[in-house]
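Here is the structure we will look at, set down as structure tokens.
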Amino acid sequence: MIEVAKRAALEAGRVALSVRLSGITAKAKGGIGNFSTEGDLLAEKKIIDIIGKSFPDHGILSEESTNPSKKSKYLWVVDPIDGTILYYSGQDTFGVSVGLLKDNKPFLGAIYFPALKLLFWAKKGGGAYLNNKKILVSPERLLNKSIVGFDCGYSNRKADIKNILIPLVDNVRYLLVPGCTVFAMTSLDRGFY
């Protein structure tokens, strides 16, 4: 299953990059900055095709188009392009996210940053990897010595900033707000900035 997740993320990332090179069109989804692109839709189609052929009985929940279509103990959760604003703007810190829940609990996942050629993947009980090199979570336990990644969605942004971000600002070493949730989570303490 992890190989399918990795392949889906890699191939969707290639699709997203090829669309970006040929020119991107965007369609509003509601709210300021909330839109999808042709790249989102084609990357999503690629992921759904790969998962569907490998595991036709599994459910798939994707940001752009699908609700869980099948009742199964396995549910794939997909964001074909996380950081669509960055993607559309020509920035490189957007990612493809493919995760799998087993009995509604995280089981495995792959995140690919196609412009940076970084593939993160992990499986429950099997460790986490970056481009096939094992990585570890930081052992730091003190909040004031930690870098914290933050991202907010398109609704309730003022409330999220007021209730979550502002209280953290003076209580952490650094607050990372890159505009792509998966980049914020994977880049901490890796020196990408």
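Things to note:
- Condition check for G109: touching a residue at least 24 places away in the same chain (Cβ under 8 Å), closer than 24 Å to Y129 by Cα, of a type outside the set (V, I, T) and open to solvent by less than 40 Å² (accessible area, probe 1.4 Å): yes
- Test result for D151, part of a loop (DSSP other than H, G, I, E, B), open to solvent by 30 Å² or more (accessible area, probe 1.4 Å) and under 27 Å from L61 (Cβ atoms): yes
- Top-ranked residue of segment 103-127 - restricted to ones that are assigned to a loop (DSSP other than H, G, I, E, B) and within 20 Å of P178 (Cβ to Cβ), ranked as nearest to the chain's Cα centre (by Cα): P114
- Odd one out for L100, checked against (1) open to solvent by 70 Å² or more (accessible area, probe 1.4 Å); (2) at pLDDT 95 or above; (3) in a strand (DSSP E or B); (4) of a type outside the set (F, W, Y): (1)
- Checking segment 112-130 against the condition returns a match, with at least one residue being within 24 Å of D49 (Cβ to Cβ) and open to solvent by 80 Å² or more (accessible area, probe 1.4 Å).
- In segment 149-163, the residue that is modelled with the lowest pLDDT out of those that are of a type in the set (G, A, S) and under 30 Å from Y129 (Cα atoms) is G153.
- Of the residues D151, D92, the single one that is of a type in the set (D, E), in contact with a Gly (Cβ under 9 Å, 6 or more places away or on another chain) and within 25 Å of G13 (Cβ to Cβ) is D151.
- Among residues of segment 164-180, those that are over 17 Å from L143 (Cα atoms) and at pLDDT below 80, counted: 2
- The single condition among (1) open to solvent by 90 Å² or more (accessible area, probe 1.4 Å); (2) touching a residue at least 40 places away in the same chain (Cβ under 8 Å) that V137 does not meet is (2).
The values are calculated or read from the model by the stated rules, or taken from the named source; none is laboratory data. This structure is a prediction, so every number in the text was calculated from the model and none was measured. Here the Cβ is made from the backbone with ideal geometry for all residues, glycine too, and neighbour counts use every protein chain on show. Calculation scope for accessible area: heavy atoms of the full protein, side chains included, ligands and nucleic acids excluded. Shrake-Rupley method; radii C 1.70, N 1.55, O 1.52, S 1.80 Å.
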